[in-house]
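This report concerns only the one structure given below.
The values are calculated or read from the model by the stated rules, or taken from the named source; none is laboratory data. No experiment lies behind these values; they were computed from the predicted model shown. Glycine gets a Cβ as well: all are built from the backbone with ideal geometry, and neighbour counts include every protein chain shown.
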Amino acid sequence: MVSKVFIKLGGSFITDKAVPETLNGERITAAARMIRAAIEAAAAQGDALSIILGHGAGSFGHIAALKFSAVQGVHPEFGWQGLYAIREAMTRMNLLVLQRCKEGGLYPVTVSPFAVTQAKGGKVLRLDAENIQQLLLSEQIPLVHGDAVPDTERGFTIASTEALLAALGDRFRFDRVVMVSDTPGVLDQNGRTIPLIDRRNLDQMAACLGASGAPDVTGGMRKKVENLLALIRRGAANEARILTFSDRPEDLRDAVLGAGEAGTLLRL
Ligand SMILES: Nc1ncnc2c1ncn2[C@@H]1O[C@H](COP(=O)(O)OP(=O)(O)OP(=O)(O)O)[C@@H](O)[C@H]1O
Ligand SMILES: [Mg+2]
């Protein structure tokens, strides 16, 4: 059996979002090791994982976007500087992520979101996934990341990893999505991890969801959960798990395999 899995290494997990351009490289390497372990565990059972990897922008892209007020695209005062700054910061970050993945025995191949995505009025309209598909057919791991992308109305706009995931989900229909964040999962008002969000408790849980506590232009946990639930509702993913790992890296391996109970599970 082949399971299609989208994994996002959140910017909150792989950088210190409060401090410009602080990569937490060891976490990326540790996560890469666990993804590799999941691939091997699946293979040992005669199964395969078809993985698309993503990484967030953390204190690289978000801070560049804020510096040049790039949320609305071309800016009356800063012009296209936001685009240059975001693309430059994300390209550098992406190289660092690749290097850290390699240390963990994982060799993803970046498919630059700017080159394959079209947006209009701040919304991703299309993502040309042919190269991604080609990599998957060859059992390779495509890597995307939050980015600035061309926008026919705004010149450019910001596409979060979750926005790219939405477009990819429509094409690939993921068996599961795994999001690694800086909190143990989605937290309730008392700071406890909510084990499950589904249609029965969604309204209650919505009250707990907020923006990022750090400099951020793509809506933090609230937007993440909204995007994931929309994806699941339209059948572009079966389920999603939001988790972190600190002393139990195996949680990530298990989540990638569709097992384990760490963090918050989102489903219909
Ligand atoms: N109920 C909640 N549970 C957990 N985190 C929450 C909640 N409400 C708001 N947050 C905030 O959302 C943040 C996670 O969203 P954020 O967008 O910063 O992470 P990310 O998506 O991993 O980063 P990036 O967007 O850079 O990839 C948490 O660090 C926290 O500050
Ligand atoms: Mg985010």
Top-ranked residue of the stretch 68-94 - restricted to ones that are within 15 Å of ligand 1 (Cβ to nearest atom) and farther than 30 Å from Leu106 by Cα, ranked as surrounded by the most Cβ atoms within 10 Å (Cβ to Cβ): Ala70
Which number in (1) away from ligand 2 (no atom under 16 Å from the Cβ); (2) in contact (Cβ under 8 Å) with a residue 40 or more places away in the chain; (3) in a helix (DSSP H, G or I) marks the one condition that Phe60 misses? (1)
Counted residues in the stretch 189-219 being charged (D, E, K, R) and exposed (fewer than 14 other Cβ atoms within 10 Å of the Cβ) come to 4
Looking at the stretch 32-48, is at least one residue crowded, with 16+ Cβ neighbours inside 10 Å and part of a loop (DSSP other than H, G, I, E, B)? no
Can Asn227 be described as polar (S, T, N, Q) and either within 15 Å of ligand 2 (Cβ to nearest atom) or within 22 Å of Gly58 (Cα to Cα) (or both)? yes
Hey, any hits in the stretch 95-111 for a residue that's of a type in the set (Phe, Trp, Tyr), surrounded by 17 or more Cβ atoms within 10 Å (Cβ to Cβ) and in contact (Cβ under 8 Å) with a residue 12 or more places away in the chain? no
Count of the stretch 28-56 residues which are touching a residue at least 60 places away in the same chain (Cβ under 8 Å) and out of contact with any strand residue (DSSP E or B) (no Cβ under 7 Å at 6 or more places or on another chain): 8
Of the conditions (1) within 18 Å of Ala32 (Cα to Cα); (2) out of contact with any helix residue (DSSP H, G or I) (no Cβ under 7 Å at 6 or more places or on another chain); (3) of a type in the set (D, E, K, R); (4) within 11 Å of ligand 1 (Cβ to nearest atom), Asp188 satisfies every one except a single condition; which number is it? (1)
Six or more apart or on different chains, Cβ under 6 Å: which pairs go from a residue in the stretch 149-169 that's closer than 17 Å to Ala237 by Cα and at pLDDT 95 or above to one that's more than 16 Å from ligand 2 (Cβ to nearest atom) and not in a strand (DSSP E or B)? Could you list them? Gly169/Ala236
From Glu77, Glu88, which residue is under 21 Å from Glu162 (Cα atoms) and either acidic (Asp, Glu) or touching an Asp or Glu at 6+ places or on another chain (Cβ under 7 Å) (or both)? Glu88
Filtering the stretch 63-86 for residues that are out of contact with any helix residue (DSSP H, G or I) (no Cβ under 6 Å at 6 or more places or on another chain), more than 15 Å from Ile14 (Cα to Cα) and assigned to a helix (DSSP H, G or I) leaves a count of 7
